[in-house]
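Novice: I'd like to ask you about the structure that follows.
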Amino acid sequence: MLHTYEPPTPDYRIDGFEAATEQIEDDFSSATLSGDLFVPVAEHHSADGRDSYLLLYDRAAIWDIPGTAEYVTLHITRNVEQRTFDFASERHPVAPLAQNSLIRRGCPQKAAEVSNHHGPRPADPLTARLEDLLRTNPGNRYEVLDHYTDNPCSFGFGVEVRTLVHDSHPHSARTPYRLFLEETTKDLRSYTVREGAFTSAEEADTWVMERDSPLPQAPAPPGAVDRRAEAARARSIRSGNGLAVAPAPVSPPRSAEPAPKRSRGGTR
């Protein structure tokens, strides 16, 4: 018998609770309107029953406004004495930013890790490192300015997500506008993340529109070159005939429109 994977459904844990106000009830109904198409990616419920943190993938986002972010975070807070609840909801272009949002709201970092492993996997160590930077956002260095999700819903193309941030770290002063480019393969098995460095948001938009040159890679942080050289020497000692693997190429654009000039997402 053929067994197909059925994703779990979100566990809001609000049975026996009422929304604290009518407005909250309306907002929650709106935020979970496509709840039957939400796929839980990470989920945590506090031991005292007062807080639930959910990271969800919204399969219905492809029918929304073009560019709509596909990840949704929900933080549900309950008054267990009065049996009422409140919530906060946001949309995020990529999972690490969604995880960061939940962690800032009090979710344990370990609990925010991806628990649904049926999706694509990071293709290389650089992807994992860049995702970790977005997830932890050390010193609140990154401010999201814009984002666009290009999901053609076709087996002939992969998915591309562009996230433009301003990086306030001193090492990024010359090129503070960073474009994080996430590209998922058309078989949806793996993805890469690359960081482009630009002097202005307009320069980043121009690159997205034209794509007449490779993504201008962000400079390596101080000391990183030496660490990479040491790692390369270690690899060459272990296997002298190993071949270096070039970074994944940046694919040509599938659509000409730049990232929208506003972030898609709701914050109640």
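The values are calculated or read from the model by the stated rules, or taken from the named source; none is laboratory data. As the structure is a prediction and not an experimental result, all values here were calculated from the model. Heads up, the Cβs are rebuilt from the backbone with ideal geometry, glycines too, and the neighbour counts pull from every protein chain shown.
Novice: Mind listing whichever residues of the stretch 191-202 are among the small types (Gly, Ala, Ser) and either closer than 11 Å to GLU160 by Cβ or without any contact (Cβ under 8 Å) to a residue 24 or more places away in the chain (or both)?
Specialist: Selection gives GLY196, SER200.
Novice: Examine the stretch 146-157 for a residue that is at pLDDT 95 or above, loosely packed, with under 15 Cβ neighbours inside 10 Å and within 16 Å of the chain's Cα centre (by Cα), and state whether such a residue exists.
Specialist: no
Novice: Taking the residues in the stretch 13-34 that are at pLDDT 95 or above, part of a loop (DSSP other than H, G, I, E, B) and of a type in the set (Ser, Thr, Tyr) as candidates, determine which candidate is nearest to ASP58 (Cα to Cα).
Specialist: The extreme case among them is THR32.
Novice: Cβ-Cβ distance below 7 Å, separation of 6 or more or different chains: which pairs start in the stretch 176-190 with a residue that is free of Cβ contacts under 8 Å to residues at least 24 places away in the same chain and end on one that is surrounded by fewer than 20 Cβ atoms within 10 Å (Cβ to Cβ) and outside any loop (DSSP other than H, G, I, E, B)?
Specialist: PRO176/HIS166; PRO176/ASP167
Novice: Moving on to the next point. Please go through the stretch 138-175 and give me each residue that is part of a loop (DSSP other than H, G, I, E, B) and touching a residue at least 60 places away in the same chain (Cβ under 8 Å), ordered by number.
Specialist: ASN151, PRO152, CYS153, PHE157, GLY158, listed by residue number.
Novice: Then there is this: Give the residue, chosen from PRO10, PRO96, that is in a helix (DSSP H, G or I) and either within 25 Å of GLU113 (Cα to Cα) or not assigned by TED's automatic domain parsing to the domain that holds LEU179 (or both).
Specialist: Exactly one of PRO10, PRO96 is in a helix (DSSP H, G or I) and either within 25 Å of GLU113 (Cα to Cα) or not assigned by TED's automatic domain parsing to the domain that holds LEU179 (or both), namely PRO96.
Novice: Please state which one of PHE17, PHE38 is among the aromatic types (Phe, Trp, Tyr) and over 29 Å from GLU182 (Cα atoms).
Specialist: Of the residues listed, the single one that is among the aromatic types (Phe, Trp, Tyr) and over 29 Å from GLU182 (Cα atoms) is PHE17.
Novice: Suppose the filter is among the acidic types (Asp, Glu), modelled with pLDDT of 95 or more and surrounded by 12 or more Cβ atoms within 10 Å (Cβ to Cβ); does GLU113 pass it?
Specialist: no
Novice: Can I ask one more? Against the condition under 24 Å from SER200 (Cα atoms), surrounded by 13 or more Cβ atoms within 10 Å (Cβ to Cβ) and not acidic (Asp, Glu), how does LEU74 come out, does it pass?
Specialist: No; evaluated as a whole, the condition is false for this residue.
Novice: State yes or no: is THR163 more than 17 Å from LEU97 (Cα to Cα) and not assigned by TED's automatic domain parsing to the domain that holds ALA61?
Specialist: no
Novice: Go through the stretch 209-223 and report how many residues are within 20 Å of SER172 (Cα to Cα), aliphatic (A, V, I, L, M) and modelled with pLDDT of 95 or more.
Specialist: Residues meeting the conditions: 1.
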